[in-house]
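What follows draws every value from the coordinates through simple rules; no lab data is involved. Because the structure is a prediction, the values reported are computed rather than measured. Positions of Cβ are backbone-derived with ideal geometry, glycine not excepted, and every protein chain shown enters the neighbour counts.
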Amino acid sequence: MHSPRRFIQVLAGPRQTGKTTMARQLVQQLVHPCHYASADEPTLKGGSWIEQQWEIARLSLQAGSDRRPAVLILDEIQKLPGWSETVKRLWDEDTAEGRALAVVILGSAPLLMRQGLTESLAGRFEVHPVMHWSFAEMRDAFGYTVEQYIFYGGYPGAAVLINDPQRWASYINEALIETTVSRDILLMARIEKPVLLRRLFELGCRYSGQILSYQKMLGQLQDVGNTTTLAHYLDLLENAGLVAGLQKYAGQVVRKRGSSPKLLVLNTALMNALAYRTLDATRRSPELWGRLVESAVGADIYNRTRGTGIQLHYWAAGHLELDFVLVKGDQVLAVEVKSAYPKQSMTGIDAFAKSFPKARKLLIGAQGMPLETFFNLPVGSLFDA
């Protein structure tokens, strides 16, 4: 009989989403020999560091009298130049020798990890997205209300600071935003215009929930860059878990990436910390709160659909706009988000339904499904309701 196929397990996602905490808890609970090591240091290590950690795990495997498998956990491995080639060689050696060494890789930037995975480790790994925390997770762990989740987002590390708005905002800006941009993106990808990248992130936070062409973005940014550079930088920000540019839904027609994206923060904490807003002040502004509610719903859908095959888009035609379009196989779900603040423009959900009559319609918020109900439902179940 053939032994079961082995795969390297990859946990990939933004910073401060609990990957390292999860790994350390796993080490404490496993009955198997387990070795954890992190490469998250300013000075990049080489492939020899991976070999050293791998050998420690191999020795623990050999030392086990009952021949139990051992586990090796490597954190922030994408910081190491040429890491995938070293991992491939060591993994293939273990496979050839029949060593029962399980390997778990953690990283904070999915795009950077994927570059190494696709180049050297094709067919040898499984990716498990670890995204920003959901409302249910923040509620169960920290007692968040729906309003608190909409405003403070899903960063577990910042939850203990929400009663001190200044400290909370400083933590988000310095420990999360600055670290992600300066370490996860600028040190790992070739960025010819780092100032443009930072300003694009700020623009994404300021205009979250709004459709903005690349030409208008360049006008706002007052930069001499081009739309191709801007689209590339937006992809980097998305894969770092900061800001995404949703593409317009066009049915079965394949649209070019050059179409105007809808900007969306992937954690609403980013919007509010950057502006140093408070929950009370935001709640008193119906327009601000309305944009925040839409962004919170969009970010929640985005984070909870990673790795599920569900696609997230928006739709617009003329002056009509639909907040979100979810696609699962041949099923299409039109989603409109309402807060207490009525939108000035006409709703696009009926116009969308005329163009795509097989689509189902869902209203979330005021006069529709309560926000708390939506946040507690598995996104996939919305297609079955």
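Values for this structure:
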item: Estimated [θ] at 222 nm from DSSP helical runs (n ≥ 4, -39500 (n - 2.57)) normalised by residues in the chain, nearest 500; result: -12000 deg cm²/dmol
item: Neighbour-count order for 138, 22, 271, fewest beta carbons within 10 angstrom listed first; result: 22, 138, 271
item: Low-density loop cleavage sites - trypsin sites (Lys or Arg not before Pro) in segment 256-334, where at most 12 other Cβ are within 10 Å (DSSP); result: 256, 284
item: Inter-label distance for residue 174 and residue 210, nm, one decimal - labels placed 7 Å from Cα along Cα-to-Cβ; result: 3.0
item: Cα gyration tensor shape for segment 124-260, rounded if a/c is under 1.5, else prolate or oblate; result: prolate
item: Violating pairs (Cα-Cα greater than 26 angstrom) within the set 262/354; 193/262; 19/361; result: 19/361
item: Residue 100/residue 319 FRET efficiency (R0 56 Å; Cβ-Cβ; nearest 0.05); result: 0.35
item: Two-site label geometry, residue 347 and residue 367: point separation in nm, points 7 Å out along Cα→Cβ; result: 0.6
item: Loop-located chymotrypsin sites (Phe, Trp or Tyr not before Pro) in segment 238-331 whose Cβ has at most 15 other Cβ within 10 Å (DSSP); result: 276
item: Distance between modelled label sites at residue 52 and residue 163, nm, 7 Å Cα→Cβ extension; result: 4.3
item: Antiparallel DSSP beta bridges within segment 135-383, percent to nearest 5; result: 65
item: Environment charge of residue 298, counting only residues whose C-beta is closer than 10 Å and scoring Lys/Arg +1, Asp/Glu -1; result: -2
